[in-house]
Amino acid sequence: MKTSLFLAALVSLFLVSCQTPQQAGNDYLAGLGGAVPTAPQQMGVAEHISYWDDDGGSGPAHIVVDIKRQVAEFHRGGHIIGVAAISTGKEGRNTPPGSYKIMEKDPTHKSSSYGWIEDMQGKMVNEDATPKTPVPSGCRYMPAPMPWFMRLRGDGVGMHEGYLPGYPASHGCIRMDRGIVQKFYQNVTVGMPVTVVN
């Protein structure tokens with residue numbers, strides 16, 4: 001009996017782990033009868049429920065970035081139509097809470113403040129460089145790509161596609177799940193409100 005329960009649990013775990021975030025999100029929604037869930041309370045688990053479920057409704061739109069939960073929620077007409085897993089600024093380079101508006105959109109943006117240094121074969125020499133970092137002979141500085149950039153502040157802080165380790169790890173920007181960031185980008189407009197909360 002114990003063996004069969006153990007095997008059933010393993011099969012269930014395997015099936016869940018093979019799902020894409022969108023499939024997992026769809027299964028989660030189906031279990032709730034289609035209701036849009038709130039993001040999880042625990043840090044680091046949001047990547048399992050990133051989703052986009054635009055109901056086609058109208059009304060004012062805004063984004064809420066929740067640093068504690070590491071999620072961004074896209075609201076329209078009083079409904080959450082999208083949730084993205086995020087990674088905000090690490091300690092010492094925290095993402096500043098506050099009320100902002102989208103200042104600019106750039107699908108192929110590159111950082112003017114951060115990047116890396118690589119040799120001419122593309123091998124990483126320094127993964128945390130700035131434009132002022134000395135570049136060794138035979139190497140080059142590469143600005144960090146920030147696809148689907150949505151600027152919030154004049155100092156370069158914005159939302160964009162990026163690596164999500166499950167905890168705050170950026171230089172201050174809001175990195176977003178690559179599977180959902182384009183939906184946010186396509187639906188934001190310059191001037192749209194964004195609230196960043198702790």
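Just so it is clear, none of the values below were taken in a lab; they were calculated from the coordinates. As the structure is a computational prediction, the values presented were derived from the model and not from experiment. Glycine also receives a Cβ, built like all others from the backbone with ideal geometry; neighbour counts cover every protein chain displayed.
Check every one of the strands (runs of 3 or more DSSP E) wholly within the range 88-169 and list those with 1 or more residues that are among the aromatic types (Phe, Trp, Tyr) and under 25 Å from ASN187 (Cβ atoms).
98-101, 139-151
Could you look through the range 84-110, keep only residues that are within 16 Å of MET150 (Cβ to Cβ) and free of Cβ contacts under 8 Å to residues at least 60 places away in the same chain, and pick out the one that is surrounded by the fewest Cβ atoms within 10 Å (Cβ to Cβ)?
Only one residue fits best here, namely THR108.
Need the failing condition index for VAL125 against (1) under 22 Å from GLU91 (Cβ atoms); (2) without any contact (Cβ under 8 Å) to a residue 40 or more places away in the chain; (3) in contact with a strand residue (DSSP E or B) (Cβ under 7 Å, 6 or more places away or on another chain), just the number.
Result: VAL125 fails condition (1) only.
Identify all residues within the range 170-189 that are in contact with a helix residue (DSSP H, G or I) (Cβ under 7 Å, 6 or more places away or on another chain) and either among the aromatic types (Phe, Trp, Tyr) or not in a strand (DSSP E or B) (or both); write none if there are none.
ASP177, GLY179
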